[in-house]
Amino acid sequence: MAETTDLDVAYVARLARLQVSDDERRTFQAQLGDVLRYAAKLAEVNVQDVEAAAHAVPMFNVFREDRPRDWFTADEALQNAPRSANDLFIVTKVVE
Amino acid sequence: MNYIAAIGLEVHVQLKTRSKMFCACPNAYGAPPNTHTCPTCLGLPGALPAMNEEALRMTVLTGLMLDCDIADVSKFDRKNYFYPDLAKNYQISQYDAPLCTNGRVPLHDVAYPQDAQTAIATSGKTVNLVRIHLEEDVAKSFHFETTTGIDFNRAGTPLMEIVSQPEIASPDEAFAYLTSLKQILICGGISDADMEKGQLRCDCNVSVRAATQAELGAKVEIKNMNSISGVRRALRFEIERQIALLESGATIQQETRGWNDDAGETFLMRSKESAHDYRYFPDPDLLPIATHALLADVRARVPELPAAKRMRFVEQYGVSGYDAGVLTHDLAVAAYFERAAEHSPKPKSVANWILNDLQSALSAAGISVGDCPIPPEALEELVGLIDAGRISGKQAKEVFAEMFETSRPAGVIVKERGLEQVSDVAAIEALCDNAIAANPKPAADYRAGNAASLNFLTGQVMKLSKGKANPQIVTEILTRKLKE
């Protein structure tokens, strides 16, 4: 059944920065394939008279006024940081 | 072989809102690190975004100023990628329903680099746009020896992206495009658009092909330019590099290159193989936007654009097209000119004083027109004094210099220095009589046909008047008297 989905688990894992073994890849391929097939049932519904929408509710323009407020201090912002220094989050060096 | 270049620019503009795009943290530069943060812009679990209406208005306003089509309905999407400057692992952006599409940026001659203004290939060109969309900016990274430090103050601030068609043909045109665009953005109060402060950032897509070839060559993207002249230099280098490659028989690879301004060259950042797959999908946390609710309000905010201002200056004040271009190039200069010229009977003279003496005095002093020590009304007064014949052009220069130094009004300086030109005919007649009587020989020479003697006599009268007599009137009276 799994081969009917065009899901490439190894590729998606790479995009998500996940390491999966070959065994895991086969397991996820089957399981995620089942999920996708379940969702694909929606394609059987006749939607000829339904307008395309990005959202389930026909609701628009939920805006916020441009009024600033303060929230965190630097200490509060950094509370969950595994590493910090000089009020900055510190991560492994990244250079694109 | 002849080669042609095709350049497309992606310009990112920081919007001048007071708060961020999807949360109410302040949108302000220069605060201590991570003090403008909250659960939303730090990407903490469960935090929900809420759209800043003013940022949407500013983007629609930009679209109207640039003659874009405004989408009836627009929405935000998630652009997924991993990078430490992006806490949520996705950036809220717009994929297939941007707020604005199409549109154009007109390139004015004065917007070209000064050394290229005499040789503009296509004067009056307009560059078409693909789209304008709104997204959130990412955090700022500081790269240290072995680690990277992240400040989230900028994360989530509104960032507008303006994408041009690959219709820009040269580095000079790219310069004119950015200068013209910047001018319009400032004019609309959208952004201060200073590239050196990162308020305007630009990625260039450039390809080169044989002039005989119809389809575009392989596209190379250049990043990291931090000034408009840097963009021009980077493009010059890159176009030459690509032509040299083609000449040597090599093919151009699609790749991303960085610009090193100190070395004056581009360098490889990444090749096509590592291109991103962003897996865009609509952000379920944000509802779509129906722009009709914004449009009426935004239409009323469309300002007089630089091109319209130029035309009006020519019609209303009688200045040349070129002078109008220079005057409107900087909004502050245009406003200064209008205040000085408003009630002046000689707006053209006012323009000349601004374009010559004032501009060079300002640049010599290193100050902007906003801090000009001479208020516009005072410049108008000075021009009025010259126009009324009360001081000569030469004296006006002296008065101007003192006005610039002391900020005192022209009238006061003229009186104090006793500069006022004497145009009182009776007084000058008496002085002329004295001069003729005291110099019978030059007077006789003139009557005998030696025209140069008149200059000598004029000089004598000027001396008697201590330089205050109006020289034109002196010459007239002397000529008349010597013929009697």
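The values are calculated or read from the model by the stated rules, or taken from the named source; none is laboratory data. This is a predicted model, so every value here is computed, not measured. Methodologically, a virtual Cβ is constructed for each residue, glycine included, from the backbone with ideal geometry; neighbour enumeration extends over all protein chains shown. The accessibility values were calculated without ligands, DNA or RNA, using every heavy atom of the protein model including side chains. Shrake-Rupley method; radii C 1.70, N 1.55, O 1.52, S 1.80 Å.
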Run through all the Cα pairs of region B:3-298 and give the fraction in each 10 Å bin from 0, expressed as whole percent.
6, 26, 34, 25, 9, 1
Report, by chain and number, residues whose modeled amide H sits under 5 Å from the one on residue A:84, excluding near sequence neighbours (fewer than 5 apart, same chain).
A:90
Cα-projected label distance for residue B:425 with residue B:248, points at 7 Å along beta-carbon direction, nm:
8.3 nm
Taking max minus min of the Cα coordinates of region B:261-308 on each principal axis, largest first, gives extents in Å of 47, 40, 15
Starting from the Cα coordinates of the protein assembly as shown, work out the convex hull volume and express it per residue in Å³.
249 Å³
Note to self: Kirkwood Rh of region B:25-129, Cα pairs, one decimal, Å, is 17.4 Å
For chain B, cysteines with no other Cys Cβ under 4.7 Å from their own Cβ are listed as B:23, B:25, B:38, B:41, B:187, B:202, B:204, B:372, B:432
Rounded to the nearest 0.05, what FRET efficiency is calculated for residue B:342 and residue B:126 with R0 set to 30 Å and r the Cβ-Cβ distance?
0.40
Ignoring ligands, DNA and RNA, how much accessible area is buried between chains A and B, both sides summed, with a 1.4 Å probe, to the nearest 100 Å²?
3900 Å²
For residue B:213 paired with residue B:82, estimate the spin-label separation in nm (one decimal), with each label point 7 Å from Cα along the Cα-to-Cβ line.
3.7 nm
Calculate one ³J(HN,Hα) per residue across region A:39-45 by plugging θ = phi - 60° into the Karplus curve 6.51 cos²θ - 1.76 cosθ + 1.60, and present them in order as whole Hz with x for glycine and proline.
5, 5, 4, 4, 5, 7, 6
Over the protein assembly as shown, what percent of the accessible surface lies on carbon and sulfur atoms, probe 1.4 Å?
52 percent
What's the extension gain from residue B:292 to residue B:102 if we count 0.36 nm per residue and subtract their Cα-Cα distance?
66.6 nm
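To the nearest 0.05, what FRET efficiency results for residue B:481 and residue A:65 with a Förster distance of 51 Å applied to their C-beta separation?
Using R0 = 51 Å, I get an efficiency of 0.05.
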Against the longest principal axis of chain B, how steep is helix B:53-65, in degrees 0 to 90 to the nearest 10, with axes from Cα atoms?
60 degrees
Estimated FRET transfer efficiency when R0 is 25 angstrom, pair residue B:368-residue B:315 (beta carbons, to 0.05)
0.35
For the residue pair residue B:299 and residue A:24, what label-to-label distance in nm results when each label sits 7 Å from Cα along the Cα-to-beta-carbon direction?
5.8 nm
As I understand it, the value is the acute angle between the Cα axis of helix B:393-406 and the longest principal axis of the Cα atoms of chain B; what does it come to in degrees, rounded to 10?
50 degrees
Once amide H atoms are built 1.01 Å from N in the peptide plane, which residues 5 or more positions from residue B:3, or in another chain, come under 5 Å H to H?
B:211
Over all pairs of distinct alpha carbons, what does the Kirkwood formula give as the hydrodynamic radius of region B:1-68, in Å?
14.9 Å
Potential extension, residue B:143-residue B:165 segment - 0.36 nm per residue separation minus Cα distance
4.5 nm
Running Debye on chain A with equal point scatterers at the Cα sites and no solvent, what base-10 log of I(q)/I(0) appears at q = 0.14 Å⁻¹?
-0.94
